[in-house]
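Beneath this line is the structure, given in structure tokens, with notes to follow.
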């Protein structure tokens, strides 16, 4: 009679780097028991990584939350595991809970290291060799109470499959035509383990300039760092345009938080090289045999180094390191800050140029097997390679400092969320806050509005426009105008007056008609939003008008702030590149600063997505998208030539087709004209 299959359960650690070290243990177990079922219990975040380990049978997500003990949850999980019939458990984490699970599950042989009162729970206790590497200690658990010092331990390795690589490239819309360098920006263990964002940005810029495509890789926790690097690169790109005119496009993709661990393995398979902090992704890249540049500061490579002969450890080996602290206890963070990007750049070029190009994705091998463990040698200093000064930190040429200061100042204002507004806007915002005060009477509102003569005149002008006059006598009383228009419309007019005043005055190097065109377009879009909301939806027309008015607010802010830096306007193309690059982020920051309602914020942010989909009837974003599009084709006189198959989806949700759209614009032509005239 055939004997029952041996079933082994391995309980994995929670950290990515430690989880990588269990892969050689799985292979050792497979050698000992070729027909065994080897399953791994791991935190849900680690499970995708286990899918890329060849010897695993099943990856079982653990419902337990790390750091939160629940006897009920442990008992429920143990009952589930008991039904599987495991005969042996190998417990890699050192916690009490990790040892309790196989004990409650009644697994006969329970192997693990001592400590944390685990002697009562494990019946095959081991004493870890403190001089051994983590991977060696894990593999030792497969044997019988000793580490086989005469047999080298194979380093971890991961498998990739072409179908998986193609899937993640398609998901992220990646089609690399140049060699890829992956930059892994995160690290567990605190900021002292992370190379500064501005260093990653400078390295990315130099590598992209040398012809490489750059992929930023990281988890959800690294999204903010990825965004900061992206911002710094945007600054560098604009500086380059100002200094040298438009140059070649530099390929850069911020993928932080966009791929799980298994997908990250597949992305690494495409990369030519990787730059990493001391992190879990460092061990992932090492397991794929990639040229690897590991940056060490507060931590030490002696405990868990990247196990690959392709790895180069970059460390300054300062007297104060490794301190093993989460934050620099001395405050200078020199162990990481003083690793200059130019050094890493030179090391990459020297190493990668000695290797054949990475094959195209369709030729990616299904499995990469690194060599036996060998201690990676620190990267030797290289001779400096002549390069252009890194744009992220380059000193500007004479006469350009003001332009550079403007860009850096703009970036600083956005990062700190401390936007600088002229007095006219600040007055407008005080009026807006008063309008939102539930205790403010109409008399008080009229008193506040009357203190701003331009706003008072605009309100009277609008109230007497045909669209609001109701056929009555002309209104000369501000109190009557406020009551007739309503508080929301008064608020909108106040904002429009503030915006208009932003545009007043001559900006050096930019013709007034161009500036005026930005303003007039905002008014036209606001009028179209008002008309579309009132005639086609149940959305408040005043709210729609405000969303249309603010849809390009970032451009107004940038042009106003740029007045203090006239040198920037010597290159009009560079100015408008700044506007195009930054106005969306600036606009979002302004709306947050002004505490604009979220639905308007979303409409301003998303209105350029012409293929946006959602459930339900047309919303405010659809209104702004449609108005922005219609103004473009209608004002240019091309509405009859438009290909309606390529029109924004928002038009469909508003039931606007060729004939109905032209009919709407024709019917409201006079109303739109009066509206624009009243606000202009």
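The values are calculated or read from the model by the stated rules, or taken from the named source; none is laboratory data. What you see is a predicted model, and the numbers here were worked out from it, not measured in a lab. Quick reminder, even Gly has a Cβ in these numbers, built from the backbone with ideal geometry, and neighbours come from all protein chains shown.
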Residue within region 544-565 that is modelled with pLDDT under 70, surrounded by fewer than 19 Cβ atoms within 10 Å (Cβ to Cβ) and assigned by TED's automatic domain parsing to the domain that holds residue 621 present: yes
Test: residue in region 617-631 that is surrounded by fewer than 17 Cβ atoms within 10 Å (Cβ to Cβ), assigned by TED's automatic domain parsing to the domain that holds residue 492 and at pLDDT below 85: no
Looking only at region 306-346, and only at residues there that are in contact with a strand residue (DSSP E or B) (Cβ under 7 Å, 6 or more places away or on another chain) and assigned to a loop (DSSP other than H, G, I, E, B), the one that is farthest from residue 281 (Cα to Cα): 339
Flag if residue 584 is modelled with pLDDT under 75 and either in the same structural domain as residue 527 (by TED's automatic domain parsing) or over 20 Å from the mean Cα position of the chain (by Cα) (or both): yes
From 155, 93, residue being within 41 Å of the chain's Cα centre (by Cα), assigned to a loop (DSSP other than H, G, I, E, B), assigned by TED's automatic domain parsing to the domain that holds residue 58 and in contact (Cβ under 8 Å) with a residue 40 or more places away in the chain: 93
All positions within region 291-305 that are in a loop (DSSP other than H, G, I, E, B) and touching a residue at least 40 places away in the same chain (Cβ under 8 Å): 291, 297, 298, 299, 301, 303, 304, 305
Flag for residue 64 being assigned by TED's automatic domain parsing to the domain that holds residue 130 and not in a loop (DSSP other than H, G, I, E, B): no
So residue 262, is it out of contact with any strand residue (DSSP E or B) (no Cβ under 6 Å at 6 or more places or on another chain), at pLDDT 85 or above and either in a loop (DSSP other than H, G, I, E, B) or surrounded by 20 or more Cβ atoms within 10 Å (Cβ to Cβ) (or both): no
Flag for residue 232 being under 18 Å from residue 582 (Cα atoms), buried (at least 19 other Cβ atoms within 10 Å of the Cβ), within 17 Å of the chain's Cα centre (by Cα) and modelled with pLDDT of 70 or more: yes
Top-ranked residue in region 19-44 [being assigned to a loop (DSSP other than H, G, I, E, B) and touching a residue at least 12 places away in the same chain (Cβ under 8 Å); ranked as nearest to the chain's Cα centre (by Cα)]: 44
For residue 330: the one exception among (1) modelled with pLDDT of 65 or more; (2) over 26 Å from residue 219 (Cα atoms); (3) within 30 Å of the chain's Cα centre (by Cα): (3)
Residue count for region 91-125, restricted to those that are more than 20 Å from residue 44 (Cβ to Cβ) and in contact with a helix residue (DSSP H, G or I) (Cβ under 7 Å, 6 or more places away or on another chain): 9
